[in-house]
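I have placed the structure first, in the form of structure tokens, so that the comments after it can refer back to it.
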Amino acid sequence: MQDFETAPPPQGSNVWKWVAIGCGGCLGLSLLLIVVLSIFISRTLNLSMEPDQVESEAEALFDYDIPGGSEGILTMNIFGIELIQVTDTQKPPQVLLTMGQIPRYLQVDAAQEAFIEGIQEGIAEEEGYQLRDVQTESATLCGQSVERIVETGELNRQGEAIAAISYLSSVRVEGRDRFVWIVANGPEAESLAQSVFDSLECP
């Protein structure tokens, strides 16, 4: 009698089983990565737009006085970089005061300049400022002689070009660099910017 070999069972079910296991593993890894990233970001990024908290943190870096009063807009701390924004209470505002503290790993001149320039470009583009004419002058900040970069141009608001000026400077306090950037607009832009700059003190 002739022996007949039994045909092996179809393998399709095994293939789909391994595909399902593989997809489940990828999904699990993706979810784990999302959880890890969420925890990491929450621990490294502190962001607030609560006006009182913003001004409280701003005053830890600089004492300042904005004519007509001030209002906190934003405070952010990421990877040791502090960034704070305060405006006047005019609607629309005529003064934007941006200040921050740079961590030690960015205190190499080239890295610091690139960082501050990036902030300037982003804010200027968002707010509609076009600052072109640049000059450097000597000034005093927190009792220290510093360089101050002055830029003039205009603010484009609803099709209207409004005169604008900005002052940028930095000072080292307790081994860390603090920077301040004042942008003012309107017919009294220069006197507003100068008034805010003159009021700055390091607590």
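The values are calculated or read from the model by the stated rules, or taken from the named source; none is laboratory data. Quick caveat, the model's predicted, so the values are computed rather than measured. Positions of Cβ are generated from backbone atoms using ideal geometry, with glycine treated the same way; all protein chains shown enter the neighbour counts.
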Breaking point among (1) in a loop (DSSP other than H, G, I, E, B); (2) farther than 18 Å from V183 by Cα, for E59: (1)
Qualifying residue in region 125-135 (condition: at pLDDT 95 or above and either within 23 Å of the chain's Cα centre (by Cα) or hydroxyl-bearing (S, T, Y) (or both)): no
Test: residue in region 119-132 that is surrounded by 12 or more Cβ atoms within 10 Å (Cβ to Cβ), in contact with an Asp or Glu (Cβ under 8 Å, 6 or more places away or on another chain), farther than 16 Å from I84 by Cβ and not aliphatic (A, V, I, L, M): yes
Residue tally, condition over 15 Å from A184 (Cα atoms), part of a strand (DSSP E or B), without any contact (Cβ under 8 Å) to a residue 24 or more places away in the chain and not β-branched (V, I, T), over region 135-169: 6
Within region 170-192, considering residues that are out of contact with any helix residue (DSSP H, G or I) (no Cβ under 9 Å at 6 or more places or on another chain) and part of a strand (DSSP E or B), the one surrounded by the fewest Cβ atoms within 10 Å (Cβ to Cβ): R172
Candidate set: region 61-99, residues that are hydrophobic (A, V, I, L, M, F, W, C) and surrounded by fewer than 15 Cβ atoms within 10 Å (Cβ to Cβ); chosen: the one farthest from the chain's Cα centre (by Cα): F79
Neighbours by Cβ (under 9 Å, 6+ apart or cross-chain): first from region 121-134, at positive phi; second of a type in the set (A, V, I, L, M, F, W, C): G128/L155
